[in-house]
């Protein structure tokens, strides 16, 4: 996997990825794999997912290759669904079906459904396949863990619904409208799900109601939605209904939904029947989207962009044109819509405030000058809501932060759309100048924090250095910096900050191997970092973290080898007796790195050999059956590396009296192992053995 700071210019893994995917797609979903095949397929899928993760921040690099990558996967899904529909009782491999549909889901997650759905098959005949597959009662479709298959099928159906053909051609002669009703029923069925099925169902229903041959059904859906919200008031189904409204308002022709706009507005703005509607961010977000889109659909479709007189960056004046829309022509619902949006500017969630700010600017762009000017004044009034009661800017209450932030976002969006007139500029500059100095007391008095400062400093430093995620390390570093600047209570704060700044902790290897020993030079942090490595890092689920953590342990111990190695050993030994292979692996890695520390840090050869033998004998605490098990290749490799580092001539000469009776068997198991890393580790152990004594007779056993 690439380093965290890697920046790609092309999809350089294209050949490797496409070959692996082609191999992955050759498996038969209707054949049950054996245990060995399951392991291989799991590893292949994990490698594909790893590539997605590697390029997630630059997903656009895959765009030139998506056609040749996505289509084979989609065709495989199409083959699966056709066969399942044609032969309902046929045996299907759950794992292979899930891997296949999860692969499609990873493409969607990676590049977005709007991009990936373009590569789905979109023929009229596919409607029956996708619809009948979703309606099957078979566990392969309806099982809870097969959500990804249902999501893909719902997206596929939504795409097919965009094709301009008459749905009635799929109806039986005596059942007119049967197909449309089946699609609608299916969409409603998944509209109250918690996962992506709800999003797929909402998209499907919105596409259905946008069709010419089913547009009349939207009124009935409105009645059903109103009944669901007012009678049930369930959050999930309410979110699904709002998603349908949002999609319909976004893309449906105006003449098909004009009569329903006031009804949707009334329903959305009076959702008191939902359980705790204001506590759900998704509901509030969709309310803002829907209310703003209703306003835009009620107003003339073409905005008079740049209708005010303004200047370009070069200082040249731009002639603008006034809209023909009069204030008396503005629908009365617009006032209610703007009131809802202005209230949303004070919402506690940033995503709601930002959505409301963009919506206000869009609506203002469609309105007459006098009306949009009033909107700007209303936004300015938000700054004064809390300022009236405050003696100074620093006396503002904490809740003022939301209001001021929302007002600033709205000002930015209004300015971007050229809605700020010359007459508004003095007020705008005045309020934004105050916003630059906006601050709210957020901390306790420094004296209150003083008793806890050292403990807090240790915890922040440990997280800034050793957390797996780059954004967490950066956040902890920023928090440490804030405390150093505001309180000056952290021990050696400036020096530690220099070693754990934004760039130092951004690269994981640098944080573990350079920043950690640098901070540990200060005794106040030494024990905390050591304990964090031993208690957290060496037991981490991620193998790479355990490996880097053990190397960091060696660098820490070299600061004060006698004291820190002794403390480390006390906590490493219990790891070897754990039932968790990850703990045992971390413990063996730690012993190996301590051995390397003894080799470089102890000059006296007698004392060095004594220390190495002490580490070596702890290998006997790990069961040989566990070390040699095929599934525990990480433990096998770590045990071989420990032998390579800590084996001494005294142990070799001890024969049967050695402190680790199975060390020769461990090397033998490593050499015979199928994993390359294990073989390399075993070869290193054999190399150490051969340097200590003549072991040609042992080597001859492996020569064919």
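The values are calculated or read from the model by the stated rules, or taken from the named source; none is laboratory data. Everything numeric here is computed off the predicted structure, so don't read it as measured data. Ideal geometry is used to build each Cβ from the backbone, glycine not excepted, and the neighbour counts take in all protein chains shown.
Key figures
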{"item": "Test: residue in the stretch 244-260 that is within 26 Å of residue 136 (Cα to Cα), surrounded by 20 or more Cβ atoms within 10 Å (Cβ to Cβ) and at pLDDT 90 or above", "result": "yes"}
{"item": "Check on residue 198, free of Cβ contacts under 8 Å to residues at least 60 places away in the same chain and under 19 Å from residue 298 (Cβ atoms)", "result": "no"}
{"item": "Whichever residue in the stretch 438-452 is in contact with a helix residue (DSSP H, G or I) (Cβ under 7 Å, 6 or more places away or on another chain) and in a helix (DSSP H, G or I) and, among such residues, is modelled with the lowest pLDDT", "result": "446"}
{"item": "Residue that is surrounded by the most Cβ atoms within 10 Å (Cβ to Cβ) [pool: residues in the stretch 461-474 that are without any contact (Cβ under 8 Å) to a residue 40 or more places away in the chain and farther than 10 Å from residue 505 by Cβ]", "result": "469"}
{"item": "Qualifying residue in the stretch 208-229 (condition: modelled with pLDDT of 90 or more, under 27 Å from the mean Cα position of the chain (by Cα) and within 22 Å of residue 117 (Cα to Cα))", "result": "no"}
{"item": "Failed item, numbered, when residue 57 is tested on (1) at pLDDT 90 or above; (2) under 30 Å from residue 474 (Cα atoms); (3) in a helix (DSSP H, G or I)", "result": "(1)"}
{"item": "Criterion: within 29 Å of the chain's Cα centre (by Cα), assigned by TED's automatic domain parsing to the domain that holds residue 615 and at pLDDT 95 or above - qualifying residue of 513, 556", "result": "513"}
{"item": "Subset of the stretch 683-697 (residues that are under 18 Å from residue 670 (Cα atoms) and assigned to a helix (DSSP H, G or I))", "result": "683, 684, 685, 686, 687, 688, 689, 690, 696, 697"}
{"item": "Among residues of the stretch 331-350, those that are assigned to a helix (DSSP H, G or I) and either buried (at least 17 other Cβ atoms within 10 Å of the Cβ) or at pLDDT 95 or above (or both), counted", "result": "8"}
{"item": "Among residues of the stretch 652-682, those that are assigned to a helix (DSSP H, G or I) and under 18 Å from residue 697 (Cα atoms), counted", "result": "14"}
{"item": "Residue 659, sole failed condition from (1) within 18 Å of residue 573 (Cα to Cα); (2) modelled with pLDDT of 90 or more; (3) surrounded by fewer than 22 Cβ atoms within 10 Å (Cβ to Cβ)", "result": "(2)"}
{"item": "Neighbours by Cβ (under 7 Å, 6+ apart or cross-chain): first from the stretch 109-126, under 14 Å from residue 75 (Cα atoms); second modelled with pLDDT under 90 and surrounded by fewer than 16 Cβ atoms within 10 Å (Cβ to Cβ)", "result": "122/163"}
{"item": "When residues of the stretch 609-651 are limited to those that are assigned to a loop (DSSP other than H, G, I, E, B) and surrounded by 16 or more Cβ atoms within 10 Å (Cβ to Cβ), the one nearest to the chain's Cα centre (by Cα)", "result": "632"}
{"item": "Residue 7, sole failed condition from (1) modelled with pLDDT of 90 or more; (2) farther than 22 Å from residue 129 by Cβ", "result": "(1)"}
{"item": "Condition broken by residue 525, with the remaining ones in (1) buried (at least 19 other Cβ atoms within 10 Å of the Cβ); (2) touching a residue at least 60 places away in the same chain (Cβ under 8 Å); (3) assigned to a loop (DSSP other than H, G, I, E, B) satisfied", "result": "(3)"}
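Table: residues versus (1) part of a helix (DSSP H, G or I); (2) at pLDDT 95 or above; (3) closer than 25 Å to residue 457 by Cα; (4) not assigned by TED's automatic domain parsing to the domain that holds residue 611.
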site: 530; (1), (2), (3), (4): yes, yes, yes, no
site: 552; (1), (2), (3), (4): yes, yes, yes, no
site: 565; (1), (2), (3), (4): yes, no, yes, no
site: 579; (1), (2), (3), (4): no, no, no, no
site: 589; (1), (2), (3), (4): yes, yes, no, no
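Residue by residue, here is whether (1) modelled with pLDDT of 90 or more; (2) in contact with a helix residue (DSSP H, G or I) (Cβ under 6 Å, 6 or more places away or on another chain); (3) closer than 26 Å to residue 348 by Cα holds:
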| residue | (1), (2), (3) |
| --- | --- |
| 388 | no, no, yes |
| 395 | no, no, yes |
| 400 | no, yes, yes |
| 410 | yes, yes, yes |
| 418 | no, no, no |
| 468 | yes, yes, no |
| 490 | yes, yes, no |
